[in-house]
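Asks: The structure that follows is given in the form of structure tokens.
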Amino acid sequence: MTTGKKTLGIWMDNSSAHLMEFANDTIETTVLDSKFTHQEKLDSLSKSEKGMHNKEQHAQAAYYKSLSETIRDYDQVLLFGPTNAKDELYNTFKDNPLFKEVAVFLLPADKMTENQEQAFVRDYFSKSK
């Protein structure tokens with residue numbers, strides 16, 4: 001990318017985020033998983049439904065906080081994926097002044113392979129040069 005802007009694409013759902021940094025026409029992907037796994041849900045649910053929901057909310061908040069901290073380091077961020085997780089994440093920081101310099105774009109997308117995700121990010125940011 002020749003604009004010098006730091007760009008990041010994040011394919012995400014409620015349990016996993018694939019962070020793809022797009023720089024110099026290359027993409028490096030890292031994966032961030034929510035700590036609230038299916039097994040965690042079953043274990044919590046066996047104790048109490050209220051406890052399970054409480055644990056899920058805390059894990060989701062930590063997951064979104066971690067993603068938000070990463071997003072702050074970029075100029076442009078594309079959030080995409082099949083669930084409303086991208087909207088939920090965006091709503092956690094959209095009014096925070098620390099993010100006023102970050103351009104965030106949200107797009108719906110289906111489940112994709114890693115190559116498809118990277119092509120989606122490359123195509124999106126190549127068009128927005």
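Asks: Mind checking which residues of segment 57-110 are open to solvent by less than 100 Å² (accessible area, probe 1.4 Å), assigned to a loop (DSSP other than H, G, I, E, B) and either touching a Leu at 6+ places or on another chain (Cβ under 7 Å) or aromatic (Phe, Trp, Tyr) (or both)?
Replies: Tyr74
Asks: State yes or no: is Asp33 at pLDDT below 90 and among the acidic types (Asp, Glu)? Step through it out loud before you land on a result.
Replies: Numbers: at pLDDT below 90: yes; among the acidic types (Asp, Glu): yes.
Criteria met by Asp33.
Asks: Moving on to the next point. Given (1) touching a Gly at 6+ places or on another chain (Cβ under 8 Å); (2) modelled with pLDDT under 95, identify the lone condition not met by Glu117.
Replies: Unmet for Glu117, out of (1) touching a Gly at 6+ places or on another chain (Cβ under 8 Å); (2) modelled with pLDDT under 95: (2).
The values are calculated or read from the model by the stated rules, or taken from the named source; none is laboratory data. Only a predicted model underlies this, so the values are computations on that prediction, with no experimental measurement involved. When we count neighbours, we look across all protein chains shown, and the Cβ atoms used for this are built from the backbone with ideal geometry, even at glycine. Heavy atoms of the whole protein, side chains included, go into the accessibility calculation; ligands, DNA and RNA do not. Shrake-Rupley method; radii C 1.70, N 1.55, O 1.52, S 1.80 Å.
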